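The values are calculated or read from the model by the stated rules, or taken from the named source; none is laboratory data. Since this is a predicted model, take the numbers as computed values, not measurements. Here the Cβ positions follow ideal geometry from the backbone for every residue, glycine too, while neighbour counts run over all protein chains shown. Note: accessible area is taken over every heavy atom of the protein model, side chains too, but ligands, DNA and RNA are not part of it. Shrake-Rupley method; radii C 1.70, N 1.55, O 1.52, S 1.80 Å.
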Amino acid sequence: MLSNCVRRVCEKKEICFKKSLLIRKEDIKLKISEIARQLKNQIQPENTIFLGVLKGSIFFLVDLLREIDFDVKFDFIEAKSYGTSMNSSKEVKFTKITEMDFANKIVVIVEDIVDTGFTMNEVLKLIYQKNPSKVITCVLIDKYERREVDVQIDYFGFRIEKGFVVGYGLDFADQFRCLPDIYTLEKV
Ligand code: PRP
């Protein structure tokens, strides 16, 4: 038996994963400070709305807003496309939408990860329909190997080629989200 095997029950089956540290919480914090410094020069607080894409972006959005330290408005939408799979269903379902008025506002879309690009593409379509003055996208992880849709990424924290990542909001079947560091996960 592997010593670093992590067991989880998913859809009534026990799965064993190898979990390897990829990005430490200290490095996430440093990167968020850097992004916040740059973003502050791009926005006017009274005219800006931050929009987190749930659930994955929850910690990133909160930590980013604390670093930005402006009294901006924020809201969430919720988009789902993975369920309990490690692959995108390619069908993005919005399970929560926003009722905020984005007309003539700077909208900062905050995502934990862009992988295939399907989710960000649908979020962008939704927001551009609401006539914002500007849309800025801010993504913690830009994972490019499986990209199928070329989407706008204005700020990113880390670029990785491949691997299924969890922690700091990122999940597998709603598990591992609350880990403070980011790990790669492989089924063994
Ligand atoms: C994850 C993640 C992104 C999306 C990125 O969402 O939070 O929104 O996948 O993948 P893509 O670029 O291949 O579309 P998920 O559907 O797992 O929902 P969650 O945020 O609740 O985990």
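Pick from Lys12, Lys19, Lys29: which is buried (at least 16 other Cβ atoms within 10 Å of the Cβ), over 23 Å from Val123 (Cα atoms) and more than 16 Å from the ligand (Cβ to nearest atom)? Give the steps one after another, and end with the answer.
Numbers: Lys12 fails: buried (at least 16 other Cβ atoms within 10 Å of the Cβ); Lys29 fails: buried (at least 16 other Cβ atoms within 10 Å of the Cβ).
Result of the check over Lys12, Lys19, Lys29: Lys19.
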Check on Leu170, open to solvent by less than 60 Å² (accessible area, probe 1.4 Å), near the ligand (Cβ under 8 Å from one of its atoms) and closer than 17 Å to Leu64 by Cβ: yes
Subset tally (residues that are of a type outside the set (A, V, I, L, M) and closer than 18 Å to Gly157 by Cβ) for the stretch 41-54: 4
Some residue of the stretch 151-165 being more than 10 Å from the ligand (Cβ to nearest atom), in contact with a helix residue (DSSP H, G or I) (Cβ under 6 Å, 6 or more places away or on another chain) and open to solvent by 20 Å² or more (accessible area, probe 1.4 Å): yes
Qualifying residue in the stretch 97-112 (condition: within 11 Å of the ligand (Cβ to nearest atom) and surrounded by fewer than 19 Cβ atoms within 10 Å (Cβ to Cβ)): no
Yes/no for Asp181 being surrounded by fewer than 18 Cβ atoms within 10 Å (Cβ to Cβ) and touching a helix residue (DSSP H, G or I) at 6+ places or on another chain (Cβ under 6 Å): yes
From the options Phe59, Phe94, residue that is open to solvent by 70 Å² or more (accessible area, probe 1.4 Å) and under 25 Å from Phe118 (Cα atoms): Phe59
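Of the residues in the stretch 62-76, how many are under 13 Å from Val107 (Cα atoms) and of a type in the set (A, V, I, L, M, F, W, C)? Reasoning before the result, please.
In the first step, residues of the stretch 62-76 are kept if they are under 13 Å from Val107 (Cα atoms); the result is 72-76.
Filter once more, so that each one left must be of a type in the set (A, V, I, L, M, F, W, C): 72, 74, 76.
Matching residues across the stretch 62-76 total 3.
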